[in-house]
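Chemist: Input: one structure, supplied below.
The values are calculated or read from the model by the stated rules, or taken from the named source; none is laboratory data. Since this is a predicted model, take the numbers as computed values, not measurements. FYI the Cβ positions are ideal-geometry reconstructions off the backbone, even for glycines, and counts take in every protein chain you see.
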Amino acid sequence: MIKIAWGITGCGDKIDKVIDTMITLKNEFKVDIDVYASKSAKTVLKWYKLWDKLITEFQDIRVEMDANAPFLAGKLQTGKYDIFIVAPATANTVAKIVHCIADTLITNSVSQAIKARVPVYIYPPDNKVGELETIIPGGKTLKLYIRKEDVENVDRLRKMEGITVLDTVEDIKKAILNFKQ
């Protein structure tokens with residue numbers, strides 16, 4: 001069975017689809033997932049009314065206290081996990097990773113996973129310049145404009161050794177199922 005550490009950041013775009021994908025992978029494909037939420041992720045998940053769904057579906061959910069607590073980086077380095085996924089990833093998290101800033105639970109864990117040669121998969125919704133529509137809590141549509149600087153960071157992320165950038169939520173499931181084979 002594949003064992004995944006799944007990092008969630010404070011990105012609200014596509015968060016509902018990401019949570020549904022996690023649940024599908026766990027229930028239909030018997031993937032073992034431990035969840036690591038940034039401080040902002042917990043806030044966003046509650047705002048979208050997904051926190052209760054997450055804690056109902058997953059046994060091991062840990063919320064960031066600082067850059068090394070809970071102790072995810074060490075677990076990645078010692079082989080507890082086969083893969084580290086960060087989905088969804090904020091533009092801020094992506095920027096920190098590409099500039100080698102490891103000052104949060106998620107960014108530190110990406111850095112340490114790469115050092116230990118644990119495959120890292122990252123889904124940043126802000127991956128194409130231009131306008132996008134996202135659904136905010138309450139069901140309203142919000143138009144956002146994705147900056148070229150954020151997309152340039154995603155492009156830099158694509159070039160980093162040990163990291164696979166996923167362009168869509170559907171790519172998450174495909175990547176995990178391909179890894180399983």
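Chemist: Counting only residues that are loosely packed, with under 15 Cβ neighbours inside 10 Å and in contact with a Leu (Cβ under 9 Å, 6 or more places away or on another chain), how many does the stretch 68-79 have? If you could, list the steps in order and put the result at the bottom.
Modeler: First pass over the stretch 68-79, keeping only residues loosely packed, with under 15 Cβ neighbours inside 10 Å: 69, 71, 74, 78-79.
Now narrow it down to the ones that are in contact with a Leu (Cβ under 9 Å, 6 or more places away or on another chain): 69.
Counting residues in the stretch 68-79 that are loosely packed, with under 15 Cβ neighbours inside 10 Å and in contact with a Leu (Cβ under 9 Å, 6 or more places away or on another chain) gives 1.
Chemist: Return the pairs, sorted by first residue and then second, in which the second residue is surrounded by 21 or more Cβ atoms within 10 Å (Cβ to Cβ) and among the aromatic types (Phe, Trp, Tyr), the first residue lies in the stretch 90-105 and is modelled with pLDDT of 95 or more, the beta carbons are less than 9 Å apart, and the residues are 6+ apart or on different chains.
Modeler: Leu105/Tyr36
Chemist: Same structure again: Quick one: in the stretch 122-144, which of the residues that are hydroxyl-bearing (Ser, Thr, Tyr) and surrounded by 15 or more Cβ atoms within 10 Å (Cβ to Cβ) is nearest to Thr93 (Cα to Cα)?
Modeler: In the first step, residues of the stretch 122-144 are kept if they are hydroxyl-bearing (Ser, Thr, Tyr); the result is 123, 134, 141.
Going one step further and asking which of them are surrounded by 15 or more Cβ atoms within 10 Å (Cβ to Cβ), we end up with 123, 134.
On the way: Tyr123: 11, Thr134: 19 Å.
Per the criteria, the residue is Tyr123.
Chemist: At least 3 residues that are within 13 Å of the chain's Cα centre (by Cα) and either over 15 Å from Val110 (Cβ atoms) or not aliphatic (A, V, I, L, M) (or both) in each: list the strands (runs of 3 or more DSSP E) lying fully within the stretch 24-89 that qualify.
Modeler: Here the list reads 32-37.
Chemist: Within the stretch 111-145, how many residues are of a type in the set (Val, Ile, Thr), within 20 Å of the chain's Cα centre (by Cα), outside any loop (DSSP other than H, G, I, E, B) and at pLDDT below 95? Steps first, answer last, please.
Modeler: Applying the first criterion (of a type in the set (Val, Ile, Thr)) to the stretch 111-145 yields 114, 118, 120, 122, 129, 134-136, 141.
From what is left, the residues that are within 20 Å of the chain's Cα centre (by Cα) are 114, 118, 120, 122, 134-136.
Now restrict to residues that are outside any loop (DSSP other than H, G, I, E, B): 114, 120, 122, 134-135.
Retained after the next criterion (residues that are at pLDDT below 95): 134-135.
Qualifying residue count for the region: 2.
Chemist: Further, regarding this structure: Which residue pairs have Cβ atoms closer than 6 Å, lie 6 or more positions apart in sequence or on different chains, and pair a first residue in the stretch 27-46 that is without any contact (Cβ under 8 Å) to a residue 60 or more places away in the chain and under 27 Å from Asn92 (Cβ atoms) with a second residue that is hydroxyl-bearing (Ser, Thr, Tyr) and surrounded by 14 or more Cβ atoms within 10 Å (Cβ to Cβ)?
Modeler: Listed by first residue and then by second, the contacts come to Ala41/Thr9.
Chemist: Considering only residues of the stretch 145-172 that are among the hydrophobic types (A, V, I, L, M, F, W, C) and within 20 Å of Ser109 (Cβ to Cβ), which is surrounded by the most Cβ atoms within 10 Å (Cβ to Cβ)? Working first, answer last.
Modeler: Quick first cut of the stretch 145-172, residues among the hydrophobic types (A, V, I, L, M, F, W, C) only: 146, 151, 154, 157, 160, 163, 165-166, 169, 172.
Pick out the ones that are also within 20 Å of Ser109 (Cβ to Cβ) and you get 154, 157, 160, 163, 165-166, 172.
Details: Val154: 22, Leu157: 22, Met160: 16, Ile163: 19, Val165: 20, Leu166: 22, Ile172: 24.
Checking each candidate, the answer is Ile172.
Chemist: Next up: Select from the stretch 90-110 the residues that are of a type in the set (Gly, Ala, Ser), more than 17 Å from Ile146 (Cβ to Cβ) and not in a loop (DSSP other than H, G, I, E, B) and list them in ascending order. Steps first, please.
Modeler: Going residue by residue through the stretch 90-110, those that are of a type in the set (Gly, Ala, Ser) are 91, 95, 102, 109.
From what is left, the residues that are more than 17 Å from Ile146 (Cβ to Cβ) are 102, 109.
The answer is Ser109, and nothing else.
Chemist: Checking Ala87 against (1) touching a Lys or Arg at 6+ places or on another chain (Cβ under 8 Å); (2) crowded, with 17+ Cβ neighbours inside 10 Å; (3) within 16 Å of Lys173 (Cβ to Cβ), which single condition isn't satisfied?
Modeler: Every condition holds for Ala87 apart from (1).
Chemist: Just to be sure I understand, how many residues within the stretch 1-23 are free of Cβ contacts under 8 Å to residues at least 60 places away in the same chain and in a helix (DSSP H, G or I)? Give the derivation first.
Modeler: First, pick out the residues of the stretch 1-23 that are free of Cβ contacts under 8 Å to residues at least 60 places away in the same chain: 1, 19-20, 22-23.
Now narrow it down to the ones that are in a helix (DSSP H, G or I): 19-20, 22-23.
Residues that pass the stated criteria total 4.
Chemist: Report, by residue number, each residue of the stretch 13-57 that is under 16 Å from Lys180 (Cα atoms), surrounded by fewer than 19 Cβ atoms within 10 Å (Cβ to Cβ) and either touching a Phe, Trp or Tyr at 6+ places or on another chain (Cβ under 8 Å) or not hydrophobic (A, V, I, L, M, F, W, C) (or both). Spell out how you get there, then give the answer.
Modeler: Pass one, the stretch 13-57, residues under 16 Å from Lys180 (Cα atoms): 21-22, 24-33.
Keeping just the survivors that are surrounded by fewer than 19 Cβ atoms within 10 Å (Cβ to Cβ) gives 24, 26-30, 32.
Listed by number, the residues that qualify are Thr24, Lys26, Asn27, Glu28, Lys30, Asp32.
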